[in-house]
1. Tell me whether the stretch 230-252 contains one or more residues that are closer than 24 Å to F333 by Cβ, surrounded by fewer than 20 Cβ atoms within 10 Å (Cβ to Cβ) and in the same structural domain as I46 (by TED's automatic domain parsing).
2. Being on the phi < 0 side of the Ramachandran plot, among the charged types (D, E, K, R) and outside any helix (DSSP H, G or I) is the filter; apply it to the stretch 304-336 and report the residue that is surrounded by the fewest Cβ atoms within 10 Å (Cβ to Cβ).
3. Can you name every residue in the stretch 48-63 that is touching a residue at least 40 places away in the same chain (Cβ under 8 Å) and loosely packed, with under 15 Cβ neighbours inside 10 Å?
4. Filter the strands (runs of 3 or more DSSP E) completely within the stretch 1-108 down to those with at least 3 residues that are over 18 Å from the mean Cα position of the chain (by Cα).
5. Being of a type in the set (A, V, I, L, M, F, W, C) and within 17 Å of the chain's Cα centre (by Cα) is the filter here, so list the residues in the stretch 283-310 that pass it.
6. Name every residue in the stretch 183-214 that is assigned to a helix (DSSP H, G or I) and out of contact with any helix residue (DSSP H, G or I) (no Cβ under 7 Å at 6 or more places or on another chain), in order of residue number.
7. Determine which member of the set L84, L50, L56 is touching a strand residue (DSSP E or B) at 6+ places or on another chain (Cβ under 8 Å), aliphatic (A, V, I, L, M) and modelled with pLDDT under 95.
8. Quick one: would you say D45 is at negative phi, in contact (Cβ under 8 Å) with a residue 40 or more places away in the chain and not polar (S, T, N, Q)?
Amino acid sequence: MKVSEFDYDLPDHLIAQDPLACRDESRLMVVRRENESFEHRKFRDIVEYLSPGDVLVVNNTRVIPARLMGVKEGTGGEVEVLLLKKKEDLLWEALVRPGRRARPGTSLDFGKGTLKGTILDSTEVGGRLIRFECPGSFEEALYRVGMMPLPPYIKKYPADPRRYQTVYADREGSVAAPTAGLHFTGELLDRIRGAGVRVVAVLLHVGLGTFRPVTVPEVESHHMHEEYYEISPETAGVINEAARSPDRRVIAVGTTTVRCLETVADEQGQVGAGAGYTGIFIYPGYKFKVVEGLVTNFHLPRSTLIMMVSAFAGREKILRAYREAVERRYRFFSFGDAMLIL
């Protein structure tokens, strides 16, 4: 399967640069897998498409200030570090730019001594292992010198960085937001619960696996970087109860939630509690085991994310939906509008 089959034309002016003033004012395209036409609503209308007994599953990961701007000790050369994965206390896998100068043994300084790091080795994905040191708490130092790691297509830092967090984010560890959840407000979630829908959380720390570009020509040749996940026994029990009933649906908020659920689901659609790392790669031909509905944003061309939603709803239908979204001037990517696939 060619990566080029997941391409589409997108004018730059449709890439959202700022979040809307109200989260749930975003537009919502409703895609029904058995219908050819699409519905166009506001995101707050999503409650009308949910039924009593449904389970809405969110990812409660929280983005950390993982982007560090510093200098090389000795030369003063500027360096940018993006933290990817915590390996152990003070040891992180990271991307470093410019990479050609980030050789093992290089010492880095962030915030004039607030945080220091030493590059130990290279990693298989072109990153680096960095050992950090600081006078006090690493987390406190990180929040003093780090910045929110926004995607490169967002050209300016948001006035309120909290808008790049979901309202239910409470488990720190991601380097990118699970953006489908950015549309929910506390009030909207209360309305959803009031309609008889269970809202439960899983955890998947968004890392390189989610946003790493696909650089190979064949889809099957792409390798996903692993990301950490957790699902509690309580959450698994709620999801399994719904999965056993033909009148209840398991609806995932975001592709990261899908990756978590499909990793731990068996062939009968039952999910197991636990924690670990997943490198699952979902593209057309995949048979979903537990997810029956999906809330998602509009994704980059040729990305693993558009491949996943194509697996869920069909490539031709998704590309047709994207063309219609362009024609109707939907807002795309992280701060953009949303899609509900049922």
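The values are calculated or read from the model by the stated rules, or taken from the named source; none is laboratory data. As the structure is a prediction and not an experimental result, all values here were calculated from the model. A quick note on method: Cβ atoms are made from the backbone with ideal geometry, for glycine too, and the neighbour counts reach across all protein chains shown.
1. Filtering the stretch 230-252 down to residues closer than 24 Å to F333 by Cβ leaves 251-252.
Adding the requirement that they be surrounded by fewer than 20 Cβ atoms within 10 Å (Cβ to Cβ) leaves none.
No; the residues of the stretch 230-252 include none that is closer than 24 Å to F333 by Cβ, surrounded by fewer than 20 Cβ atoms within 10 Å (Cβ to Cβ) and in the same structural domain as I46 (by TED's automatic domain parsing).
2. Pass one, the stretch 304-336, residues on the phi < 0 side of the Ramachandran plot: 304-313, 315-328, 330-332, 334-336.
Cutting the leftovers down to among the charged types (D, E, K, R) gives us 315-317, 320, 323-324, 327-328, 331.
If we keep only those that are outside any helix (DSSP H, G or I) as well, we get 328, 331.
Numbers: R328: 12, R331: 22.
The extreme case among them is R328.
3. So in the stretch 48-63, the residues touching a residue at least 40 places away in the same chain (Cβ under 8 Å) come out as 49-63.
S51, P52, G53, listed by residue number.
4. Numbers: elements: 27-31, 38-42, 55-59, 61-63, 67-72, 78-88, 91-97.
Here the list reads 27-31, 38-42, 67-72, 78-88, 91-97.
5. Looking only at the stretch 283-310, we keep the residues that are of a type in the set (A, V, I, L, M, F, W, C), and these are 288, 290-291, 294-295, 298, 300, 305-309.
Answer for the stretch 283-310, where residues must be of a type in the set (A, V, I, L, M, F, W, C) and within 17 Å of the chain's Cα centre (by Cα): V291, L294, V295, F298, L300, L305, I306, M307, M308, V309.
6. We begin by selecting, within the stretch 183-214, every residue assigned to a helix (DSSP H, G or I); these are 183, 186-194, 208-211.
G186, E187, L189, D190, R193, G194, L208, G209, F211 - these are the residues of the stretch 183-214 that are assigned to a helix (DSSP H, G or I) and out of contact with any helix residue (DSSP H, G or I) (no Cβ under 7 Å at 6 or more places or on another chain).
7. On the way: L50 fails: modelled with pLDDT under 95; L56 fails: modelled with pLDDT under 95.
Checking each option against the conditions leaves just L84.
8. On the way: at negative phi: yes; in contact (Cβ under 8 Å) with a residue 40 or more places away in the chain: no; not polar (S, T, N, Q): yes.
For D45, the condition - at negative phi, in contact (Cβ under 8 Å) with a residue 40 or more places away in the chain and not polar (S, T, N, Q) - is not met.
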